[in-house]
Amino acid sequence: MMLLPCPWCGPRNVSEFTYGGERTPRPDPATATPAEWRDYLYTRRNTRGWTAETWYHGNGCRQHVVIERHTLTNETRSTS
Ligand SMILES: [Zn+2]
C-alpha cells in the first residue's frame with residue numbers, strides 16, 4: 001500500500017487519488033515560442049529520483065495537491 005500526504009486530510013491511500021502528471025512550469029504566453037509550448041504540452045522529464053507531481057484527491061477533500069515522489073522507491077513527501 002502506498003500512502004500520499006494530503007495537506008488537508010493527512011496520509012491517505014493512493015487509491016483515493018487520481019494521478020495528474022509531472023508538475024511543469026507554464027511558459028509566459030506573451031513570450032513563449034511554439035517550441036516552448038510543444039515542450040510544455042508534450043515533453044516529460046521522466047526524472048529518476050525526486051519529482052513533483054500533481055494528484056487529485058477525488059475520494060477525499062477533492063483538492064488538487066502537489067506531492068513529491070521518488071520514482072525509484074515511491075517514497076513521498078508533502079510540498080506544503
Ligand atoms: Zn485530501
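None of the figures in this text is laboratory data; all of them are computed from the coordinates on show. None of these values were measured; they are calculated from a predicted model. Methodologically, a virtual Cβ is constructed for each residue, glycine included, from the backbone with ideal geometry; neighbour enumeration extends over all protein chains shown.
Scanning segment 18-43 for residues that are among the polar types (S, T, N, Q) and away from the ligand (no atom under 15 Å from the Cβ) gives 24, 31, 33, 43. Out of 15, 78, one residue alone is in contact with a strand residue (DSSP E or B) (Cβ under 9 Å, 6 or more places away or on another chain) and within 16 Å of the ligand (Cβ to nearest atom). It is 78.
All conditions but one from (1) in contact with an Asp or Glu (Cβ under 9 Å, 6 or more places away or on another chain); (2) of a type outside the set (A, V, I, L, M, F, W, C); (3) in a loop (DSSP other than H, G, I, E, B); (4) within 14 Å of the ligand (Cβ to nearest atom) apply to residue 46; the one that does not is (4). Listed by first and then second residue, the pairs with beta-carbon distance under 6 Å, at least 6 apart or on different chains, first residue in segment 28-39 and in contact (Cβ under 8 Å) with a residue 40 or more places away in the chain, second assigned to a loop (DSSP other than H, G, I, E, B), form an empty list. Which one is nearest to the chain's Cα centre (by Cα), of the residues in segment 23-42 that are closer than 15 Å to residue 66 by Cα and surrounded by 13 or more Cβ atoms within 10 Å (Cβ to Cβ)? If we take residues in segment 23-42 being closer than 15 Å to residue 66 by Cα and surrounded by 13 or more Cβ atoms within 10 Å (Cβ to Cβ), then 23 is nearest to the chain's Cα centre (by Cα). Summed over segment 1-12, the residues that are assigned to a loop (DSSP other than H, G, I, E, B) and within 10 Å of the ligand (Cβ to nearest atom) give a count of 3. Within segment 44-71, restricting attention to residues that are in contact with a Gly (Cβ under 8 Å, 6 or more places away or on another chain) and under 19 Å from residue 15 (Cβ atoms), the residue that is surrounded by the most Cβ atoms within 10 Å (Cβ to Cβ) is 55. Listed by first and then second residue, the pairs with beta-carbon distance under 8 Å, at least 6 apart or on different chains, first residue in segment 51-66 and part of a loop (DSSP other than H, G, I, E, B), second aliphatic (A, V, I, L, M) and within 7 Å of the ligand (Cβ to nearest atom), are 57/65.
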